[in-house]
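Student: Quick one: the structure is below, questions incoming.
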Amino acid sequence: MKLGLLLQRGTDLKWAGPFAQEALAQKHEVSLFALDRQDDDPGKQYLKISRGQCTDLMQSGATYISLDELDISEHQELMSQDAAFILEGFHTQQANQEAWQSVRAAGVKLYSLSHFFEICKRPLAALDKFDGSIYISQYAQELHEELQGTRSSGHTAVLGSPMFDQLRNVSRAAARRELGISLEERVVLLIAPVILPTTPWRFHVWRDGSRIQRLKDAIRAREFRFLWEIAFGNTFKQVFEAIAAFSERNNARLIIKSRGKQRNLEFIAEKNGVFVDGLSDEYYPLFSTYKLMSVADLCITVNSMAVLEAAALGCPCINIQVPFHDRAAASTPEKEAYNRELMGGHKESIMNYEGSVRSVDRLRAIDYFGKDWEHVSFEPSRGAEYAQKFLGIRDQSASKRLLEHVVEAG
């Protein structure tokens, strides 16, 4: 079969790399259709896809093709594919839905893959735009239907995600050798939180700045619900200092992993930890963050989906609980329900799962990290169960499952 993979950003290589390699190994033709245009957001230029990032795949036989969003339905190579694949197609290509329907009308089967649980925020009618919408897990499909209040009528399948196939290639020993960390050394990995004006609670309450200024800014923004915690709570800098002190006291190397778009974290440079800003991340053949997660003896997150990958790698995770809906954009009952389910921290949820992820309230975090290693860390016992329930990880790779499904569908 001729398979076309849409690459919108470098991060797409997390899923496209393993899937393309499996397809090539099974003698399918693979074309990488890259939207290697200038991003409108200058803060995200580091995510831009490029030919150089696809060298390994091209050497294995994949073809790299630049694709303009304006001529999708007129691109002959794309129109000649048997099937095309897009990550979160309804959301990421919403402006081009008419063009993609022309691609379908030409006989190209169109598949939309899920990025974690993002599909659950979309109306079920979005599934009708594709010949197949792929859920990462049964949990994700049931959550989508529960949030939308009805059952799906579109063509769906629960097949996992190729982006998690890389997890099986991670070697703790190899990653530690590469990073110059001995097997005996303790490592704490902190996934730095986003603190931007688009996350109002974190920006007003947690950002580094004088209490008076943050109070004034919150009043000016009419965010009166934040005033008590600004006056009596902690900033993230204070929480971070407690984590840094915990690491030093327990002879653990502290690694802070950020992303290029994150701001208000300048104080991190003052500490002796290792700061990885994400600007030079590699996404294939092995995602940079997976290496960091594999060397860690403890991973600390703040309502980040990174907790799922760390837990799936068998790393014990502490999630600092913050308001689950923290967006400047107007909310809806559906968005509230989505965020409450995933970020609310109730028992047996992705952010609070005994034996994998422990939830700690932000107001207790400083005291919590004032304890010794034995009182904070724990031996994970349910990582495989967690990975299967939420991420759909099984013995057979998601890439193989997806290919079998596509070939059978014709």
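Student: Answer with yes or no whether V187 is touching a Leu at 6+ places or on another chain (Cβ under 9 Å), part of a helix (DSSP H, G or I) and surrounded by 14 or more Cβ atoms within 10 Å (Cβ to Cβ).
Tutor: On the way: touching a Leu at 6+ places or on another chain (Cβ under 9 Å): yes; part of a helix (DSSP H, G or I): no; surrounded by 14 or more Cβ atoms within 10 Å (Cβ to Cβ): yes.
For V187, the condition - touching a Leu at 6+ places or on another chain (Cβ under 9 Å), part of a helix (DSSP H, G or I) and surrounded by 14 or more Cβ atoms within 10 Å (Cβ to Cβ) - is not met.
Student: Does G260 satisfy the condition of being touching a helix residue (DSSP H, G or I) at 6+ places or on another chain (Cβ under 7 Å) and either modelled with pLDDT under 90 or surrounded by 16 or more Cβ atoms within 10 Å (Cβ to Cβ) (or both)? I'd like the intermediate steps shown before the answer.
Tutor: Values: touching a helix residue (DSSP H, G or I) at 6+ places or on another chain (Cβ under 7 Å): yes; either modelled with pLDDT under 90 or surrounded by 16 or more Cβ atoms within 10 Å (Cβ to Cβ) (or both): yes.
The answer is yes for G260.
Student: Does any residue of the range 101-116 turn out to be touching a strand residue (DSSP E or B) at 6+ places or on another chain (Cβ under 9 Å), aliphatic (A, V, I, L, M), modelled with pLDDT of 95 or more and under 30 Å from D277 (Cα atoms)?
Tutor: Yes, some residue in the range 101-116 is touching a strand residue (DSSP E or B) at 6+ places or on another chain (Cβ under 9 Å), aliphatic (A, V, I, L, M), modelled with pLDDT of 95 or more and under 30 Å from D277 (Cα atoms).
Student: Quick check, is R151 assigned to a helix (DSSP H, G or I) and either at negative phi or more than 24 Å from the chain's Cα centre (by Cα) (or both)?
Tutor: On the way: assigned to a helix (DSSP H, G or I): no; either at negative phi or more than 24 Å from the chain's Cα centre (by Cα) (or both): yes.
When the stated conditions are applied, R151 does not pass them.
Student: Within the range 269-283, is there a residue that is assigned to a helix (DSSP H, G or I), touching a residue at least 40 places away in the same chain (Cβ under 8 Å) and not assigned by TED's automatic domain parsing to the domain that holds I49?
Tutor: Taking the range 269-283 and keeping what is assigned to a helix (DSSP H, G or I), we get 269-270.
Right, trim to touching a residue at least 40 places away in the same chain (Cβ under 8 Å) and you get none.
Taking every residue of the range 269-283 in turn, none turns out to be assigned to a helix (DSSP H, G or I), touching a residue at least 40 places away in the same chain (Cβ under 8 Å) and not assigned by TED's automatic domain parsing to the domain that holds I49.
Student: Would you be able to tell me the number of residues in the range 296-327 that are among the small types (G, A, S), in contact with a Phe, Trp or Tyr (Cβ under 9 Å, 6 or more places away or on another chain) and under 21 Å from R207 (Cα atoms)?
Tutor: Within the range 296-327, residues that are among the small types (G, A, S), in contact with a Phe, Trp or Tyr (Cβ under 9 Å, 6 or more places away or on another chain) and under 21 Å from R207 (Cα atoms) number 0.
Student: Please give the number of the condition Q81 fails out of (1) touching a Gly at 6+ places or on another chain (Cβ under 6 Å); (2) exposed (fewer than 15 other Cβ atoms within 10 Å of the Cβ); (3) not charged (D, E, K, R).
Tutor: (2)
Student: Can you pull out the residues in the range 347-362 that are over 20 Å from Q388 (Cβ atoms) and surrounded by fewer than 14 Cβ atoms within 10 Å (Cβ to Cβ)?
Tutor: Of everything in the range 347-362, just one residue is over 20 Å from Q388 (Cβ atoms) and surrounded by fewer than 14 Cβ atoms within 10 Å (Cβ to Cβ), namely D361.
Student: For the range 1-87, which helices (runs of 4 or more DSSP H) that fit wholly inside it have 1 or more residues that are more than 21 Å from S161 (Cβ to Cβ) and either touching a strand residue (DSSP E or B) at 6+ places or on another chain (Cβ under 7 Å) or in the same structural domain as Q97 (by TED's automatic domain parsing) (or both)? Give the steps one after another, and end with the answer.
Tutor: Numbers: elements: 13-25, 55-59, 76-79.
By residue number, 55-59, 76-79.
Student: Filtering the range 90-148 down to residues that are of a type in the set (S, T, N, Q), part of a helix (DSSP H, G or I) and touching a residue at least 12 places away in the same chain (Cβ under 8 Å), which residue is nearest to H75 (Cα to Cα)? Walk me through how you get there before you give the answer.
Tutor: Within the range 90-148, the first condition is being of a type in the set (S, T, N, Q), and the residues that meet it are 92-94, 96-97, 101-102, 112, 114, 133, 137-138, 141, 148.
Filter again for part of a helix (DSSP H, G or I), leaving 92, 94, 96-97, 101-102, 138, 141, 148.
Within this subset, residues satisfying the condition of being touching a residue at least 12 places away in the same chain (Cβ under 8 Å) are 92, 96-97, 101-102, 138, 141, 148.
Working: T92: 19, N96: 14, Q97: 15, Q101: 14, S102: 11, Q138: 36, Q141: 33, Q148: 35 Å.
By that ranking, first place goes to S102.
The values are calculated or read from the model by the stated rules, or taken from the named source; none is laboratory data. Given the structure is predicted, the values throughout are model-derived calculations rather than measurements. Don't worry about glycine lacking a Cβ; one is built from the backbone with ideal geometry, like all the others, and counts go over all protein chains shown.
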